[in-house]
Structures are given as structure tokens and as C-alpha cells.
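Chemist: Input: one structure, supplied below.
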Amino acid sequence: MSNIWEGPLEKIDDYRWRIPKSYKQGMRVDGIIYADEKLLKDIRHDRAAEQVANVAFLPGIVQASMGMPDIHWGFGFPIGGVAATDIENGGVISPGGVGYDINCGVRLMKTNLEFRDIQDKLDDLVCALFNDVPAGVGTKGDIRVSAREEKDILMKGAGWAVAKGYGAAEDLEYTEEHGAIPGADPDAVSDRAYERGKAQSGTLGSGNHFLEIQVIDQLYSRDACDTFGLFEGQVVLMIHSGSRGFGYQVCDDYIKTMMHSLRKYDIHIPDRQLVCAPVNSPEGKRYLGAMRCAANYAWANRQCLMYLARGAFARVLGKSWEELGMYLIYDVAHNIAKIETHTVDGQQKKLCVHRKGATRAFGPGHPAVPERYKNIGQPVIIPGDMGRNSYLLVGTQQAMDETFGSTCHGAGRLKSRSEAARTVKYDTLLKELSSKGIIVKASGRGTIVEEAPQAYKDVNDVVDVVHNAGISKRVCRMRPVGVIKG
Amino acid sequence: MPDKPYEFLEHTADICVRIYGKDLPEIFINAARAMFEVLAEKREGIRLPQTSIDVTLTGGAREELLINWLNELLYLYSTKEIVFSDYQIRRLTGEELEAAVAGESTASYIIKTEIKAATYHELTIEQSPGGLQAQVIFDV
């Protein structure tokens, strides 16, 4: 069977394409994919667009089933998928619309350092980070928690970490949801999820999780950069990680549970992986409660990782993290479901917004945006792939109007993992990265080659689309200089 | 007819395996072997005592049971820190499974990749000339 998708994509404008709901019997709304002609060619090479059409079957879905420009084939929902359901009208919640890695997300910290200040210490910094921040598959964190504290972490998220001394209260203000979604329900989490999460707090995980030292190499918006305190040549730190085994187990548990919900609530979906239950059902409520636990766990994890990274820098540079200006710019989730109020057809509605491989991008003035950023909009952090640029963007009113305040999350995969492992040679890759001045430390050869830049779509193209479509605006661009990978 | 127990296929972001076997128990065992091949590589010259664990599972249909089996092994691997290599399936119907699984501690292995879960995506178990054939996609 060919993997090329031959379905209809009607051009709305240069950056928006419609899959009409007439395409498949059962679609309740249209599909809309944000892309340009160039990216569309790649998008047709896997069946992500079919998944956008499948998501349109979900009961209660409103407006459209959306795909961001970094879209690729996932399970059930495509990665890069956004869909909102109307809670008061039988709207459902679907674990596949969140993903296994609940609250996989990214945070960006600034420093008051210029690259030339640290250039001759870069190797030491990368080694210190590699040493102090546990990375790699199955590694255990040094930050240990008791069984009693476990529930605390799940309720308080990053707040738990700050209370333990792993950061400052101010860090919470610059984290989505202040680092914890209210309404987490530790009793909705299985013993298995607790067990699977136990040893992993404060660890980095593997695959496309990473810690990166970056340098800002291009500014796009003077106002936004001034608001965030950013300048060209500035050293920043990016941390990308999620909820680890804890999140995977929660997802797995509820996919199993909701298999039974389909018949119970008479829900018909074209793909088993789109299992779901009404948000207002006992199953829906329990999943939401458990998902929030996993999300909060991930925020606690990223807070701990930041604490360890601050410590590593302080150790090497001989100054405290405050003296180094290592303050958090923002932290965003990109695999999550949120209950939010949005305007649909002129009416305010309470929606369950799924962002799977997609980032919240609230516009200026939104109450959830930190006070200091209110006139600029919510920061959106887009990690590129290894050896390529990352971006900082901001959310816009247009995103609020069109995509429930959502945008892309990063570059999507182009080459399959096995193909990447075959075509990209490890030594060649390291030489290539090294010639760009990038130091890489990873715990396994496999992960470096699988995560090689050639394996991903070009993040510059992806960001171009969201910027030109108006659903987020570029603030600055960063290039990596040091990479620590699991 | 392929005489290999499994092979890896192309997939954009995850790992897709096609599994072969003469009957259902062999499919289940070969699927587990494929999964642990992705996960870990045995270290040379180390042999540690094996730990054996009994597994009892149910599922609505054999496909669901296969996924439950693989995710159960994944769960045991991450919590007990064992890489499984020996499987004895005592009972396997369309809806129930009883097995004994054994393996050495993860210390005997180099861990290569983290697998989040075996997924239902494009999951199939069907007849084939050699018996049965299955396809599973792992989220990594």
C-alpha cells in the first residue's frame, strides 16, 4: 500500500488548506492544515492528513480538525494536531489527542552572558550539564521522592519543586499554568503508573529529549526582545522533556479503559486509537484528572532539570545562577488537553482543547499571559532539531480567533527512524556538527543518528508558515552550540 | 515463506514490526523478542541469574491481548529492571493469556532505546502462508 495521501486539499490561501467534510462520511467538521506548497509535498508523503480527517469524527468537535505545518503521522491524532470539543454538547476527550508523553514540553532560560564570554568554557559547560543532569534511557534521577511526596508532586507540579528549594517562586509565574493544572486527581492514577514513574524524577529521558546551550543569532521583534530581555549573541538554555514512564502508563491505562467507553456511549470512530469518552462522563473525568497528574509531574521534572542546569553553570562559571541572570523566559506544554473558554460562532463556549504536538499561543491581553508579557503575548518556544535553529515566537489574537490559541511545536519528522539510522553515518554527523561549532554529548549512538537534522523537516519552513499565517509571530532565532541528549 | 521471526518496516516517527509465527503463541513470543531487540543489546561476557515472573492477562480480542502482553512486558521491564528473553506461554485463547517470562537484570544489557508503548495503530493479526502474521507499531 502506497503511503502517499491522495485526498482533497482545497487551497484557502497560501498557508491554509481545507479537507472538506464531504471527503469522508462521518466527518463533523472540515479539516484545516496550515502549510505552504513546499511543506505540503512532504505532508502528502505520509498519511497524517487522513488522520486530520479522522479526528473530525470526534463527537462534539467544533470549528475544524486542525493540522499544524510540522504535522506527521502519529497514532489516532496526527502529531501536530489540534482539536476542540464542546463539553456541554457531548464533547469528548481522547488520550490519543494528548499522546503518550503527556506534557512533553520545553522551557527556555536566559542568561546575561554573551557567547564570547563562555566560548572557551563551552566544553566544560557541556560536560558539567552531561554530568549533573541524568540523561539516557532508564537512568535514575538523583532527586528522590518518598511515596507521600509523590502525590504532592502530582498536585503541585513545579510548585512542589520550588517549595523543596529547586528554584524560585518567580519561576512559576513564567510557566504555563504556573507549573500545575488544578484538578489533578492522584486517585485516578494507577499503581502501575506510580511504579513506572518512581525512579525517574529529575531525569531527562531519551529520544528527542534534550538540553541545549544556544545563542541568539537573529532578532525579529525589537519590542518583544526588549520585553523578554533578549539581545543578539546572548546565551540561552533550552530544556525539552516530558512525563516519562509515568505519562506513558497513564495514557496506556486510559486507552484500555476507554475502549469500553466507545460502545457504552455509542461512539463511532474510524480508528481505534481515537478512543475517547465524553468529558463529562466518569471515564472522561478520571482521564482528565490523571492526565493533569502526569502534566504536573512533567512540570516538576522540568523545574528540577532547570535547577540542575543552573547548578552546573554556577559550578563551572563560579557565580550563582542569579548573578548569571539565568531566569526562566517561559515553559510550554506541547502534548496536553486543556479546558478553556473560546468564542465559537460568536458564542463563548467551554471547550476541551487537545494539543498533540502543538503549543498554546495565547495572544496579547489574555489573562493567562504573565503580567510583564501582556502587551506582547504568550511566549511560544519552538525547538528545532539538533544542529538547526530553534525559535522564540509569541501568540497572537489571530491564533485565538482561528486555532483556539494554538500553533506548531517544532519540526516534524521526515525520514523514518530506521531510514535515518541507515543513511546518516555517526562519524559524518559528528564532524558536520563539529564544523558548525556544535558540541554534542549523548548517552547513546543510536539516539544521535536517529535524531540527525536530516531526519526532520526544516524548522525554518515550519516557523515561516505559522508566522505568515499569523497564528504566531517570530521574536528571535537561536542556534545550538552545545547539545546534551538522552 | 519468511523463516525469520520478525522484521522492521519503515515508519515516520515510530518503529513498525512485522511478526511471523506458525501459531498465536509464537506470534506473541516473537513480538516480545522484537520489542526487546529494539530496547536492549546483551553485553558480552556477562551472565546474571534469571528472574522468572508469572503473567496473567485478559483482552477483548487477540489483537488487544497482544498489545496488553507487550505493554505488560514493558511495564515489568521498567519497574523490575529485567530484560526478558525466555517465554513460556501456558495458555493463550483469544481473550486470556497465562505465561511465565524470565530474563536477566538490565545490568547485563546496554539499553538502546526507550519505548513508550506498543500501540493499536495499524495493528493486525492475520493468516499467512506460514501460519500467522502480525504488525505492531511501537511509539518511541
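Nothing in this text is a laboratory measurement; each read-out follows from the coordinates by a stated rule. What you see is a predicted model, and the numbers here were worked out from it, not measured in a lab. FYI the Cβ positions are ideal-geometry reconstructions off the backbone, even for glycines, and counts take in every protein chain you see.
Chemist: Apply 1/(1 + (r/R0)^6) to the Cβ-Cβ distance of A:K319 and B:S52, taking R0 = 41 Å, and write down the FRET efficiency to the nearest 0.05.
Modeler: Efficiency at R0 = 41 Å is approximately 0.15.
Chemist: Count charges around A:V98 for me, please; just the other residues with Cβ under 11 Å from its Cβ, Lys/Arg as +1, Asp/Glu as -1.
Modeler: +3
Chemist: Now for a separate question. If you rank B:E64, B:E126 by fewest surrounding Cβ atoms within 10 Å, what's the result?
Modeler: B:E126, B:E64
Chemist: Tell me what chain A gives for mean residue ellipticity at 222 nm when only DSSP H runs of n ≥ 4 count, each as -39,500 (n - 2.57), the sum divided by the residue total, rounded to 500 deg cm²/dmol.
Modeler: When only DSSP H runs of four or more count, the value is -10000 deg cm²/dmol.
Chemist: Let me ask something else about it. Taking a point 7 angstrom from the Cα of B:A61 along the C-beta vector, which residues in region A:18-54 have backbone N less than 15 Å away?
Modeler: none
Chemist: Would you count, across region A:244-387, every pair of lysines whose alpha carbons are under 22 angstrom apart, provided the pair is eight or more residues apart or spans two chains?
Modeler: Step by step, the pairs that qualify in region A:244-387 add up to 13.
Chemist: Let me ask something additional. Ranked by Cβ crowding within 10 angstrom, fewest neighbours first, how are A:F210, A:F231 ordered?
Modeler: Listed from fewest to most nearby Cβ atoms, that is A:F231, A:F210.
Chemist: Net charge around A:T175, counting only other residues with Cβ within less than 13 Å of its Cβ (Lys, Arg = +1; Asp, Glu = -1)?
Modeler: Every neighbour counted, the sum reads -2.
Chemist: Follow-up question, since we're still on this one. Over region B:1-72, what per residue volume does the convex hull of the Cα atoms give, in whole Å³?
Modeler: Given the Cα convex hull of region B:1-72, per-residue volume reads 140 Å³.
Chemist: What is the local net charge at A:Q218, summed over the other residues whose Cβ is closer than 13 Å to its Cβ (Lys, Arg +1; Asp, Glu -1)?
Modeler: Computed value for this residue: +2.
Chemist: Still on this structure, please answer the following. Simple spin-label model, 7 Å along Cα-to-Cβ: A:Q218 to A:V344 in nm?
Modeler: Reported label-point gap for A:Q218 and A:V344 is 3.7 nm.
Chemist: Mean separation of Cα pairs under 8 Å and 6+ residues apart, divided by the residue count of chain A: what relative contact order is that in percent?
Modeler: 21
Chemist: Cα axis of helix A:459-469 to longest principal axis of chain A: angle in degrees, 0 to 90, nearest 10?
Modeler: 50
Chemist: May I pose another question? Taking only the alpha carbons of chain A, what extent do you get along each of the three principal axes, in Å, biggest first?
Modeler: 63, 51, 47
Chemist: Just need the relative contact order of region A:229-346 here, percent rounded to a whole number, with Cα pairs under 8 Å and 6+ apart.
Modeler: 25
Chemist: Could I ask something else about it? Under a crude label model (7 Å from the Cα following the beta-carbon direction), how far is A:D427 from B:R33 in nanometres?
Modeler: Modelled inter-label distance: 3.3 nm.
Chemist: Apply the Karplus parameterisation 6.51 cos²θ - 1.76 cosθ + 1.60, with θ equal to phi minus 60°, to every residue of region A:216-225 and state each ³J(HN,Hα) to the nearest whole Hz, in sequence, with x for glycine and proline.
Modeler: Ordered by residue, 3J(HN,Hα) equals 6, 10, 7, 9, 10, 10, 4, 4, 5, 4 Hz.
Chemist: Could you tell me how many cubic angstrom of Cα convex hull volume region A:199-321 has per residue?
Modeler: Taking the convex hull of the Cα positions in region A:199-321, it is 184 Å³ per residue.
Chemist: If you don't mind, another one. Which order results if B:F8, A:F246 are arranged by neighbouring Cβ count within 10 Å, fewest first?
Modeler: Taking fewest neighbouring Cβ atoms as first place, the list is B:F8, A:F246.
Chemist: Using only the alpha-carbon atoms of chain B as identical scatterers, what base-10 log of I(q)/I(0) does the Debye formula give at q = 0.12, 0.13, 0.17 Å⁻¹?
Modeler: Result of the Debye calculation: -0.45, -0.53, -0.92.
Chemist: Amide H of A:A84 versus every other amide H placed in the peptide plane: which residues, excluding those fewer than 5 positions away on the same chain, fall under 5 Å?
Modeler: Amide H neighbours of A:A84: A:V62, A:A64, A:H354.
Chemist: Using amide H atoms built in the peptide plane, which far-off residues or other-chain residues are under 5 Å from B:E114 H to H?
Modeler: A:G207
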